[in-house]
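Report on the structure given below.
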Amino acid sequence: MSEPITSIKLSGGAAIPRFGYGTFKIDDGDVQAAVETALETGYRLVDTAVGYGNETGVGRAVAASGLKRDEVFLTSKTWDHGYDDVRRNLEESLERLGTEYLDLYLLHWPRPGLGKYVESWQALLDAREEGLIRAAGVSNFTIEHLDRIETETGAAAEINQVELHPYFSQPELRAYHAEHLIATESWGPLALRGGGLFDEPAVKAAAAAHERTPAQVALRWNLQRGNVVIPKSETPSRIRENWETLDFTLTDEELAAIDALDTGERQGGDPAVVGN
Ligand SMILES: NC(=O)c1ccc[n+]([C@@H]2O[C@H](COP(=O)([O-])OP(=O)(O)OC[C@H]3O[C@@H](n4cnc5c(N)ncnc54)[C@H](OP(=O)(O)O)[C@@H]3O)[C@@H](O)[C@H]2O)c1
């Protein structure tokens, strides 16, 4: 049995579950069943985005789950930039998800070449003020981008969702987050775009010691490093396997051995260039 999921309080006051369910690359036609399985398993955070094209199915799953709206933490993201376009994107996401508010809305990528992420950020701050979103955050922002929105609007992001796994553990960014009270949310926590993590001796040894799978060890490392973690799986047995990371604890030595796998190299896109 897993322990009940704990939450982190974001700087604006909303509580975000530490462990959630990612939906990237799940088609709208398949996502309802997948999210229903996740919610039945115990997940209470669902991460989607305009760009995933599956918000309608995610909304249907939440409605069909029998859970109250305030029992599920819903995140979506805007790909577009510019004050009015972000606002329009948000309103369309609310419509597709069948909800009056989002728990968290993110700027999906900074797309610095467009030169608009500060006005986009202002649109999120205003939407938070109006109650359309409970928390405002960003995704794939570097220290430079985070600094700029805070300096120019006076308000720091509440959370930054970034690629983060043992091969790319982002120590400098996490230190900056800690100083600025920005929570860290990890995408791609299984590092499968590059592969190989499950065969690393440090991961295999910890898995054997705790009678867990390498995937569970990778997720557990991420949780114990203080991050919100949102693995994706469409496979019911893996949805449950990933959930079963909440009831064991890696030792300091095991954590340090996994920390040592950091290469400083991304497996996913570079925020300086994606979407420019
Ligand atoms: N903000 C961003 O730019 C951004 C970018 C990427 C992702 N995200 C978010 O973060 C979430 C997670 O990231 P991700 O989907 O890229 O990567 P991930 O969760 O690290 O990996 C997903 C892949 O791992 C497989 N998998 C899941 N559990 C497994 C297990 N226990 N054992 C073996 N394989 C397993 C899945 O296969 P099956 O589905 O076939 O089981 C899928 O192919 C996304 O779904 C999305 O919500 C955000």
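The values are calculated or read from the model by the stated rules, or taken from the named source; none is laboratory data. These numbers come from a predicted model, not from an experiment. When we count neighbours, we look across all protein chains shown, and the Cβ atoms used for this are built from the backbone with ideal geometry, even at glycine. The protein model used for the area step is the full one, side chains on, heavy atoms only, and it has no ligands, DNA or RNA in it. Shrake-Rupley method; radii C 1.70, N 1.55, O 1.52, S 1.80 Å.
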Margin query: Name the residue that is nearest to Gly20 (Cα to Cα), counting only residues in the stretch 184-208 that are touching a helix residue (DSSP H, G or I) at 6+ places or on another chain (Cβ under 7 Å) and assigned to a strand (DSSP E or B).
Written below: Ser186
Check: So which residues in the stretch 240-261 are within 16 Å of the ligand (Cβ to nearest atom) and outside any helix (DSSP H, G or I), if there are any at all?
Finding: Glu244, Thr245, Leu246, Asp247, Phe248, Leu261
Next item on the list: Specify the residue that is most open to solvent (accessible area, probe 1.4 Å); the eligible residues are those in the stretch 132-159 that are over 21 Å from Val229 (Cβ atoms) and either of a type in the set (Gly, Ala, Ser) or in contact with a strand residue (DSSP E or B) (Cβ under 6 Å, 6 or more places away or on another chain) (or both).
Entry: Gly154
Next item on the list: Consider Val86 carefully, then state whether it is touching a strand residue (DSSP E or B) at 6+ places or on another chain (Cβ under 9 Å), more than 14 Å from the ligand (Cβ to nearest atom) and on the phi < 0 side of the Ramachandran plot.
Entry: yes
Item checked: Enumeration of residues in the stretch 163-179 that are within 28 Å of Glu129 (Cβ to Cβ), out of contact with any helix residue (DSSP H, G or I) (no Cβ under 7 Å at 6 or more places or on another chain) and open to solvent by less than 60 Å² (accessible area, probe 1.4 Å) -> His177
Checklist line | Enumeration of residues in the stretch 112-156 that are within 16 Å of Tyr83 (Cβ to Cβ), outside any helix (DSSP H, G or I) and of a type in the set (Lys, Arg) | finding: Lys116
Next item on the list: Just one of (1) hydrophobic (A, V, I, L, M, F, W, C); (2) farther than 20 Å from Glu163 by Cα; (3) open to solvent by 50 Å² or more (accessible area, probe 1.4 Å); (4) within 12 Å of the ligand (Cβ to nearest atom) trips up Phe198, so point out which.
Entry: (2)
Note to self: Exactly one of these conditions fails for Ser65: (1) polar (S, T, N, Q); (2) open to solvent by less than 40 Å² (accessible area, probe 1.4 Å); (3) over 23 Å from Val86 (Cβ atoms). Give me its number.
What the structure shows: (2)
Note to self: Given (1) open to solvent by less than 40 Å² (accessible area, probe 1.4 Å); (2) not acidic (Asp, Glu); (3) not in a strand (DSSP E or B), identify the lone condition not met by Ile5.
What the structure shows: (1)
Next item on the list: Among the residues of the stretch 84-111, count how many are part of a helix (DSSP H, G or I) and not hydroxyl-bearing (Ser, Thr, Tyr).
Entry: 13
Next item on the list: Among the numbered conditions (1) part of a loop (DSSP other than H, G, I, E, B); (2) near the ligand (Cβ under 10 Å from one of its atoms); (3) free of Cβ contacts under 8 Å to residues at least 24 places away in the same chain, tell me where Ser237 comes up short.
Entry: (1)
